[in-house]
Amino acid sequence: MKSMNIVVLAGGTSTEREVSLITGKGVYEALKTKGHKVVLIDVYLGVEDVNVDKVFDDTRDWAAGIEAIAANEPDIEKFKALRKDGGKCFFGPNVIEICQKADVVFMGLHGANGEDGRIQATLDLYGIPYTGTDYISSAICMDKGITKKFFNMAGIPNAKGYDMNLDEEFKEIGYPVVVKVSTGGSSVGTYICKDRAEVDHALNEAKKFDDKVVVEEFIRGREFTCGVVDGKALPIVEIAPKVGFYDFANKYQAGQTNDICPAVLPEDKTLEIQRTAEEAYKVLKIKNYARIDFMMNEKGDIFCLEANTLPGMTPTSLLPMEAAAVGIDYPSLCEKLIEISLKRK
Ligand SMILES: Nc1ncnc2c1ncn2[C@@H]1O[C@H](COP(=O)(O)OP(=O)(O)O)[C@@H](O)[C@H]1O
Ligand SMILES: [Mg+2]
């Protein structure tokens, strides 16, 4: 691949901003080892002291100061106050101007804003090429209720349940039941409830994040995830938290889960999950790449949970782990995601 000028966009204001910064740092460093000129920017904070015209010759360490992910969800309001201009425009100083100088923007964002399609639509209108899927599929996948409707229309197996506005009446479907904020991510706003009192608590907590939730049957069993790159499934990972479910702490603190790749499954189950992941990718109109989450109950039935259109891309994330299982190392995966995304533009 010829040397390119690349902006890695990370950070932002979602509950997953810290994860995104680690993704951004990993991708930034990997692409530099491949000989590209790379700039890493926090989409919300931007950069003030910069010569935009010469930004790709600016050899500062753009990842300086990015640290490990805290055990708890970040305090977004405190962070937002850091913007000197008050942050009325989501894009920080010089972000769009710098992106316009790039050959491609690598989307290292996760969660609201980065993953919900609005940034993709903005970049489209500015004529800036970027990695990952387009605005429409991003928006569909960001909303777990809408995703569920697409799954049901296309016969993609998923947990029995429904989506509800928080001002509507909760309908019992048995216990335990899972209540999930429709636009949540990284398990923030996911509640496993064993009775009505816990549901009421969850519905109350959910208000902090969104006005809609998905209510669904709790699937007891094993958890898997399967990346799809350019329409083709990668090997599956089994995620096995040592304690509890795959919540925020288990997702990002080292040593909290046993991730097994390729997952140990009978050949027919492996193929079933991979084909379902490819099918979900198609049904949700995803382009370039995504990672699809699954549960499997004790009988071996599979249930598609959701599609992650900007899955974690830290060097130890699940998608890089799956790519490594087929001989694609991390820097090559970062390049491959750029290549397929540019090919489609
Ligand atoms: N129906 C369900 N049954 C059992 N566990 C679930 C169910 N839905 C979600 N979970 C658990 O919650 C986690 C987060 O749910 P998910 O739908 O993948 O949302 P996100 O990853 O966007 O927060 C999953 O990784 C899984 O461990
Ligand atoms: Mg998930």
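Taking Met296, Met321, Met142 as the candidate residues, the one with maximal mean-square fluctuation in a Gaussian network model of the chain, Cα springs under 10 Å, is Met296.
Applying the criteria of a DSSP loop state and at most 14 other Cβ atoms within 10 Å to the GluC sites (Glu not before Pro) of region 39-98 yields Glu48, Glu67. Residues of region 180-224 falling in the label zone of Lys171, defined by backbone nitrogen less than 15 Å from a point 7 Å along Cα to beta-carbon, are 213-217.
Give me the Debye-computed log₁₀ of I(q)/I(0) at q = 0.12, 0.15 Å⁻¹ for region 106-215, equal point scatterers on Cα only, no solvent, two decimals. Rounded to two decimals, the profile gives -0.47, -0.69. Counting only DSSP H runs of at least 4 residues, each contributing -39500 (n - 2.57), and dividing by the residue count of the chain, the helix-based mean residue ellipticity at 222 nm comes to -9500 deg cm²/dmol. Taking a straight line from the alpha carbon of Lys299, these lysines sit under 18 Å away, with near neighbours fewer than eight places off in the same chain left out: Lys160, Lys269.
Have a look at Thr183, Thr147, Thr316 and tell me which one the Gaussian network model of the chain (Cα, springs below 10 Å) gives the largest fluctuation. Comparing Thr183, Thr147, Thr316 in a Gaussian network model of the chain, the most mobile one is Thr316. Counting protein heavy atoms only, region 220-344 has 53 percent of its accessible area on carbon and sulfur, 1.4 angstrom probe.
Taking a label point 7 Å from the Cα of Tyr126 along the Cα→Cβ vector, which residues of region 1-17 have an amide N closer than 12 Å to it? Once the point is set 7 Å along Cα→Cβ of Tyr126, 7-10 turn out to lie under 12 Å by backbone N, inside region 1-17. Taking 0.36 nm per residue of separation and subtracting the current Cα-Cα distance, fully stretching the chain between Lys299 and Ser332 would add 8.1 nm.
According to the Cα-based calculation, Rg over Rh for region 5-130 is 0.93, with Rh computed by the Kirkwood formula.
Given the alpha-carbon gyration tensor of the chain, what are the semi-axes of its equivalent ellipsoid in whole angstrom, ordered largest first, with each equal to the square root of 5 times an eigenvalue? It would help to have the intermediate numbers written out before the result.
On the way: eigenvalues 214, 111, 64 Å².
Semi-axes from the Cα gyration tensor: 33, 24, 18 Å.
Note that region 260-273 has calculated 3J(HN,Hα) couplings of 10, 9, x, 4, 7, 8, x, 3, 5, 5, 4, 5, 4, 5 Hz, one per residue in order, obtained from phi through the Karplus relation 6.51 cos²θ - 1.76 cosθ + 1.60 (θ = phi - 60°); glycine and proline are x. For Met1 and Glu205, a Förster radius of 56 Å and the Cβ-Cβ distance give a FRET efficiency of 0.75, rounded to the nearest 0.05. Compare the Cα positions of Thr270, Gln256, Leu337 along the charge dipole of region 196-341 (+1 at Cβ of Lys, Arg; -1 at Cβ of Asp, Glu; about the Cα centre) and return the one farthest towards the positive end. Farthest towards the positive end: Leu337. When restricted to Cα atoms, region 220-344 yields an Rg and a Dmax of 14.0, 43 Å, respectively.
Could you give the accessible area per residue of region 160-217, probe 1.4 Å, as a whole number in Å²?
Working: 2860 Å² over 58 residues.
Result: 49 Å² of accessible area for each residue.
Both numbers refer to the Cα atoms of region 160-217; Rg and Dmax are 9.9, 26 Å.
Relative to the dominant Cα principal axis of the chain, helix 144-154 is inclined by about 70°. The Cα atoms of region 284-345 cover 40, 26, 18 Å along the three principal axes, with the biggest extent listed first.
The values are calculated or read from the model by the stated rules, or taken from the named source; none is laboratory data. All values derive from a computational prediction rather than experimental measurement. Methodologically, a virtual Cβ is constructed for each residue, glycine included, from the backbone with ideal geometry; neighbour enumeration extends over all protein chains shown. The protein model used for the area step is the full one, side chains on, heavy atoms only, and it has no ligands, DNA or RNA in it. Shrake-Rupley method; radii C 1.70, N 1.55, O 1.52, S 1.80 Å.
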